[in-house]
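Worksheet: one structure, shown below.
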Amino acid sequence: MPGQSEALKKATFGMGCFWACDALFGVVPGVTRTRVGYAGGTKPSPTYKNIGDHTEVVEIEYDPKTASFSQLLSLFWNNHEYGLTKKIKAQYASLILYHDDEQKIEAEKSLSEEQNKQGKNFTTQIKNFDRFYPAEDYHQKYRLQLHTYLVQSLGIATAADLHTPLSTRLNGYVAGAGTLDQFEQDPVCKQLNEKQYDYVKKCLVENQGTGLYC
């Protein structure tokens, strides 16, 4: 992502509907930004209606001093919508795209460990990251965009406004991801005014435990 610090790293996962993944990873402490898109295939310039052999993925920007790749992998293994043990079409496949050799080794080790733990064979593919194609704007921070009041009051008017640390956090909290204590302690959300804060808190409480997937 433009302007990202050299200290930050990226992880790219496919695990079903990318709206849910966007919300799930967006509230993880140490995750700075997320965006959804298409990757893993060969079709040039994929779109939602013409995705070809690509997979819906979430791209996660994170600070490894706070959020480890193993922590992100744990969320990956435990939050698939479908497709972890049953082969499905490429669009919703279980996919890890590693960005360096360290991620490759850790992903392969965790795959073996998780399969042994569950006594099942996973369909998960582990592949070298090649290229990420951002999804259309209406897919970005989809859960946040459903809250017109919040979007308007925060002055979110462009795609760039959806790729900030605050939008990343709020997209998860309004969908019920994370905990109330986490939200109340989250320094990223301290920039909300009282009305915005109360609104997000109410959404979090109401939606917590209801499931992130469609």
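Rank the residues Ile96, Ile88, Ile105 as a footprinting-exposure proxy: fewest other Cβ atoms within 10 Å of their Cβ go first.
Values: Ile96 27, Ile88 14, Ile105 11.
Ordered from fewest to most neighbouring Cβ atoms within 10 Å, Ile96, Ile88, Ile105 come out as Ile105, Ile88, Ile96.
Given the convex hull of the Cα atoms of region 144-190, what is a quarter of its surface area in nm²?
3.2
Rounded to the nearest 5, what % of the DSSP beta bridges within the chain are antiparallel ones?
85
For every other residue with a beta carbon closer than 12 angstrom to the beta carbon of Thr32, add +1 if it is Lys or Arg and -1 if Asp or Glu, then tell me the sum. Don't skip to the end; give the middle numbers.
On the way: positive: Lys9, Lys10, Arg33, Arg35, Lys65, Arg169; negative: Glu59, Glu61, Asp63.
Neighbour charge sum, excluding Thr32 itself: +3.
How much FRET efficiency would the formula 1/(1 + (r/R0)^6) give for Asn121 and Leu75, where r is the Cβ-Cβ distance and R0 is 25 Å, rounded to 0.05?
Once rounded, the FRET efficiency stands at 0.75.
For the chain, the longest stretch holding no chymotrypsin sites (Phe, Trp or Tyr not before Pro) located in a DSSP loop with at most 16 other Cβ atoms within 10 Å is which?
The longest uninterrupted stretch comes out as 83-212.
Report the calculated FRET efficiency for Thr158 and Ala7 (r = Cβ-Cβ distance, R0 = 41 Å), to the nearest 0.05. Each step should come with its number before you reach the end.
Details: r = 27 Å, r/R0 = 0.65.
With a Förster radius of 41 Å, E is 0.95.
Around Pro134, under 9 Å between beta carbons, what's the net of Lys plus Arg minus Asp minus Glu among the other residues?
Within the 9 Å Cβ shell, the charges total -2.
Give me Arg169, Arg131 ranked fewest to most by other Cβ atoms within 10 Å of their Cβ, as a rough exposure proxy. Before the final figure, lay out the partial values.
Values: Arg169 29, Arg131 13.
The most exposed by this proxy come first: Arg131, Arg169.
What are the aspartates and glutamates whose alpha-carbon lies under 17 Å from the alpha-carbon of Lys9, with same-chain residues fewer than 8 places away excluded?
Of all the aspartates and glutamates, those that pass the test against Lys9 - Cα under 17 Å, at least 8 places apart if same chain - are Asp22, Glu59, Glu61, Asp63, Asp100, Asp101, Glu102, Glu106, Asp130.
Find how much the distance from Asp63 to Tyr133 grows on full extension, using 0.36 nm per residue of separation minus their present alpha carbon separation; answer in nm with one decimal.
Contour length minus Cα-Cα distance gives 23.0 nm.
Report the local net charge at Asn121: Lys and Arg +1, Asp and Glu -1, summed over other residues whose C-beta lies under 14 Å from its C-beta.
Counting the neighbours of Asn121, the net charge comes to +2.
When the label point is put 7 Å from the Cα of Ile105 along its Cα-to-beta-carbon vector, which residues of region 57-95 have a backbone N closer than 19 Å?
64-65, 68-74
Under 20 Å between alpha carbons, and skipping anything fewer than 8 positions from Lys86 in its own chain: which aspartates and glutamates qualify?
The qualifying aspartates and glutamates are Asp53, Glu56, Glu108, Glu113, Glu114.
Only the coordinates and a few stated rules stand behind these numbers; no lab work does. For clarity, every value in this text was computed on a predicted model and none was experimentally measured. Reconstructed Cβ throughout: ideal geometry from the backbone, glycine too, with neighbour counts over all protein chains shown.
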